[in-house]
1. Note down the magnitude of the dipole of the chain about its Cα centre, charges +1 on Lys and Arg C-beta and -1 on Asp and Glu C-beta and zero elsewhere, to the nearest 20 debye.
2. Roughly how much of His17 is accessible, in Å² to the nearest 10, using a 1.4 Å probe?
3. For the chain, I need the span (max minus min coordinate) of the C-alpha atoms along each principal axis, in Å, sorted largest to smallest.
4. Among the aspartates and glutamates, which fall within straight-line cross-link reach of Lys42, defined as a Cα-Cα distance under 12 Å, with same-chain neighbours fewer than 8 residues apart omitted?
5. Once the Cα atoms of helix 19-30 and of the chain are each reduced to a long axis, what angle between those two axes, in degrees from 0 to 90 to the nearest 10, is obtained?
6. Helix-only estimate, please: 222 nm mean residue ellipticity of the chain, summing -39500 (n - 2.57) across DSSP H runs of length 4 or more and dividing by its residues, to the nearest 500.
7. Expressed as a whole percentage, what fraction of the accessible surface of the chain belongs to carbon and sulfur atoms when a 1.4 Å probe is rolled over the protein heavy atoms?
8. With a 1.4 Å probe and all protein chains in place, put Ser64, Ser9 in order of accessible area, largest first.
Amino acid sequence: MRTFKLEQSKTETITPHGGLALVGHCLNKQTSLAKTSRSVVKRHGIANIDLIRTYLGLICLGKSDFEAV
């Protein structure tokens, strides 16, 4: 897995979705969500890990409604 090199930008371009890559990298490296989500029974066509990652992304963006997807 690639590592991130964080450094200050000279242009100071800030985007609201810029931190999602860092959060996703930390989730994949530090947690075992894929193994944990397999133990939950799937009741629909979407994998549980995809739902968990989507909702965590919404929380990181400051949105609490799943309708924002």
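1. 400 debye
2. The accessible area of His17 comes to roughly 110 Å².
3. Extents along the principal axes, in whole Å: 48, 30, 15.
4. Once the sequence-local aspartates and glutamates are set aside, what remains near Lys42 is Asp50.
5. Rounded to the nearest ten degrees, it is 50.
6. For the chain, the value works out to -14000 deg cm²/dmol.
7. With neighbouring chains kept in place, the figure for the chain is 57 percent.
8. The ordering from most to least exposed comes out as Ser64, Ser9.
The values are calculated or read from the model by the stated rules, or taken from the named source; none is laboratory data. The structure displayed is predicted, hence computed values, not measured ones. Don't worry about glycine lacking a Cβ; one is built from the backbone with ideal geometry, like all the others, and counts go over all protein chains shown. Surface accessibility is based on the protein's heavy atoms, side chains included, excluding ligands, DNA and RNA. Shrake-Rupley method; radii C 1.70, N 1.55, O 1.52, S 1.80 Å.
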